[in-house]
Amino acid sequence: MAKKKDQKEEIENQEAQATEDTLVEEKEAQETEENQEEEVEEIELSEEEKLAVEVAEAKDKYLRLYSEFENFRRRNAKERIDLIKTASSDLMKELLPIVDDFERAKQANEKQEDIEAVKEGFDLISNKLFKTLQAKGLKVMETEKGTAFDADLHEAVTQFPAEEELKGKIIDTLEKGYYLDDKVIRFAKVVIGA
């Protein structure tokens, strides 16, 4: 009987051990499953973190590019304003001697009685002025009598009845037109034949 008891105890121990092993295995399986779920969550979190980092980097890059563009735009606008302010300074420097000539001529003309000398002085100053302007790219528009009227270059002030060969052509020029480097800066005001 002692053998049977020992066998029975041994079987009970084995069954208890098996039950315990099963419980341990189930517990380990459950823990493994929980660990896997946690790892998946960690992986998901790390992917979310990666995306968050990428978004932050993209925002930073965008802000830097936007700031660079704004700085470029401001700098460019400032340079343009400075250029516009000083664009005419070269021309003004070249015109100052002509202004001085006019002042000297005015003073000299107060005492001058010879009208031919006065005319000659003003012709010299006028030629000097026109040569200075030509050097800067100014050209006079040709609007001689009999030249064909061109609406892109001329402004018709009025029309007068004219001979057949002068119809649609310039009869008289009221104001000269000018080009600045081949661009019309003032249209010639003309009278055309009708």
Seminar exercise, completed: Only one of (1) surrounded by 12 or more Cβ atoms within 10 Å (Cβ to Cβ); (2) modelled with pLDDT of 85 or more does not apply to residue 65, and that is (1)
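Of the residues 139, 189, which is closer than 25 Å to residue 90 by Cα and at pLDDT 90 or above? Walk me through how you get there before you give the answer.
Details: 189 fails: closer than 25 Å to residue 90 by Cα.
On inspection, the qualifying residue turns out to be 139.
Within segment 153-163, identify whether any single residue is of a type in the set (Asp, Glu) and within 30 Å of residue 193 (Cβ to Cβ), and answer yes or no. Give the steps one after another, and end with the answer.
Going residue by residue through segment 153-163, those that are of a type in the set (Asp, Glu) are 155, 163.
Going one step further and asking which of them are within 30 Å of residue 193 (Cβ to Cβ), we end up with 155, 163.
Checked against the condition, which is being of a type in the set (Asp, Glu) and within 30 Å of residue 193 (Cβ to Cβ), segment 153-163 yields at least one hit.
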Seminar exercise, completed: Flagged pairs (Cβ under 7 angstrom, 6 or more apart or on separate chains; first in segment 171-190, over 14 Å from residue 133 (Cβ atoms); second outside any loop (DSSP other than H, G, I, E, B) and among the hydroxyl-bearing types (Ser, Thr, Tyr)) are 188/173; 190/173
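The values are calculated or read from the model by the stated rules, or taken from the named source; none is laboratory data. Quantities reported herein were computed from a predicted structural model and do not represent experimental measurements. With ideal geometry, Cβ positions are generated from the backbone for all residues, glycine too; neighbour counts draw on all protein chains shown.
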